[in-house]
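Data first, discussion second: the structure below is written as structure tokens.
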Number of protein chains: 2
Amino acid sequence: MEDHPFDPRESLVFLTIRVGKLLANHLHKQERMEGQEFPPHCMGVLVDLWTRDGIRQQDLAVSTIKDKASITRALDVLEKHNIALRIPDPNDKRTKRIYLTHKGRQLKYDLMPLADQAVAEAVQGIPEKEVATCKRVLHRMYENMNKKL
Amino acid sequence: MEDHPFDPRESLVFLTIRVGKLLANHLHKQERMEGQEFPPHCMGVLVDLWTRDGIRQQDLAVSTIKDKASITRALDVLEKHNIALRIPDPNDKRTKRIYLTHKGRQLKYDLMPLADQAVAEAVQGIPEKEVATCKRVLHRMYENMNKKL
DNA sequence: CCCGTTTGGTTTCAAGTGCAACCAAATGAG
DNA sequence: CTCATTTGGTTGCACTTGAAACCAAACGGG
């Protein structure tokens, strides 16, 4: 059994979990201040729909790292707000494909600046090159751990 | 208003949030398989107690990025399992200082290997040097966003 | 075909979370 | 000293979540 003389808070696991939480909280608060009419938990789903329009609910669950039940509920909200639509797949009556409405596509231009600003504040004073490396590493970690994709 | 031609999923915000979630899920599952008797949400609190024994609840809330109400409830569980103790501060009757029991300190040696293993799987195939940079960047982001510390 | 199995999605239930209201102790200006 | 304010912690509430049970459609070997 390996010894652990270092500070456990320095572990990549806990650092990532905590920074993720800080960023999520930050975003939620900004969205609330902007008076967004849909609840914060829909954000993650939206992000994927912006680039994967027409995706199945199941695949949304995998890429957003949520339970498929959570996707069901998020889509209920997004449909109610006319942001996304569930369209039954003609080839398989079980599956529904999710499409953004015009409003849903436009939201990208309201919300991405918030994300950009959150990043900007978070990486203040950190060399741009290192931030780029961090991003690349996180992307590969995401792929490593989400092989189901 | 800036344009956003790139994939929003590549934004540092969403990458970090998602990798954090993947890691958290992974840990929770491993803990459950190991038959840990305390619920997963106590992990974050434990991590800080390992290096900041005697800390106040309020400060725990800040460093673990949880509500102080959540800390109250996590400590109820940890006390019930004889992992931590609430000791009233002699100088200020309002505050309680949290101390680990022997069992609580020992848990580090059961749980840190799980965290190590999670990291190992996540960073497979990524140059060690880049992982180190990523860690350093995340640490600075943590400090940038949690100035209350 | 036919029926057991798998897959996509919804519903239900038991946590866990943050916010707000609250209580008790400490602080501090007048 | 006194009372309004602040601070540390707990409790109640509304909301989100994942797990499991469930239903309907598709698949697939016999």
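Some notes on this structure:
- Here residue B:87 and residue B:34 are evaluated by their C-beta separation; at R0 = 22 Å the FRET efficiency comes out at 0.15.
- Using C-alpha pairs under 8 Å with a sequence gap of at least 6, the mean separation divided by the residue count of region A:32-120 gives a relative contact order of 27 percent.
- Chain A and chain B together bury an accessible surface of about 6500 square angstrom, both sides counted, with a 1.4 Å probe and no ligands or nucleic acids included.
- 3J(HN,Hα) along region A:82-93: 6, 9, 9, 10, 9, 10, x, 6, x, 8, 8, 5 Hz, from the Karplus curve 6.51 cos²θ - 1.76 cosθ + 1.60 with θ = phi - 60°, whole Hz, x for Gly and Pro.
- Relative contact order, whole percent, for chain B stands at 21, derived from Cα pairs under 8 Å and 6 or more residues apart.
- As a ratio to 2.2 N^0.38 Å, the alpha-carbon radius of gyration for the protein assembly as shown is 1.07.
- Amide H to amide H, with H built 1.01 Å from N, residue B:97 comes under 5 Å of B:87, B:89, counting only residues 5 or more places away or on other chains.
- Rg in Å to one decimal, and Dmax rounded to a whole Å, for region B:95-147 via C-alpha atoms: 15.7, 47
- Loop-resident sites, region B:15-109, for chymotrypsin sites (Phe, Trp or Tyr not before Pro), counting at most 15 other Cβ within 10 Å (DSSP): none
- Residue among A:111, A:23, A:49 with the largest mean-square fluctuation in a Gaussian network model of chain A, springs linking Cα atoms under 10 Å: A:23
- Overall, the accessible surface of region B:38-149 at a probe of 1.4 angstrom is composed of carbon and sulfur to the extent of 50 percent.
- Each Lys and Arg contributes +1 and each Asp and Glu -1, all at the Cβ; summed about the Cα centre of chain B, the dipole is approximately 700 debye.
- Helix-only arithmetic for chain A: the sum of -39500 (n - 2.57) across DSSP H runs with n ≥ 4, divided by the residue total, places the mean residue ellipticity at 222 nm at -20000 deg cm²/dmol.
- Mean-square fluctuations from a GNM of chain B, with a 10 angstrom spring cutoff on Cα atoms, peak among B:103, B:80, B:129 at B:129.
- Membrane-span-like helices in chain B, defined here as complete DSSP H runs extending at least 20 Å along the helix axis by their C-alpha atoms with mean Kyte-Doolittle hydropathy no lower than -1.0, are B:12-33, B:102-122, B:128-145; this is a sequence and geometry rule, not a statement about a membrane.
- Look at the alpha carbon pairs under 8 Å that are at least 6 residues apart: their mean separation over the length of region B:67-115 gives a relative contact order of 26 percent.
- Residue-normalised convex hull volume from the C-alpha trace of region A:49-103: 76 Å³ per residue.
- Of B:41, B:81, B:139, the one that fluctuates the most in a GNM where chain B has Cα springs shorter than 10 Å: B:139
- Our Cα-only numbers for chain A put the radius of gyration and Dmax at 17.9, 59 Å.
The values are calculated or read from the model by the stated rules, or taken from the named source; none is laboratory data. Just so you know, these numbers come straight off a predicted model, no measurement behind them. As a convention, Cβ positions derive from the backbone with ideal geometry for all residues, glycine included, and neighbour counts pool all protein chains shown. Note: areas computed on protein heavy atoms with side chains; ligands, DNA, RNA excluded. Shrake-Rupley method; radii C 1.70, N 1.55, O 1.52, S 1.80 Å.
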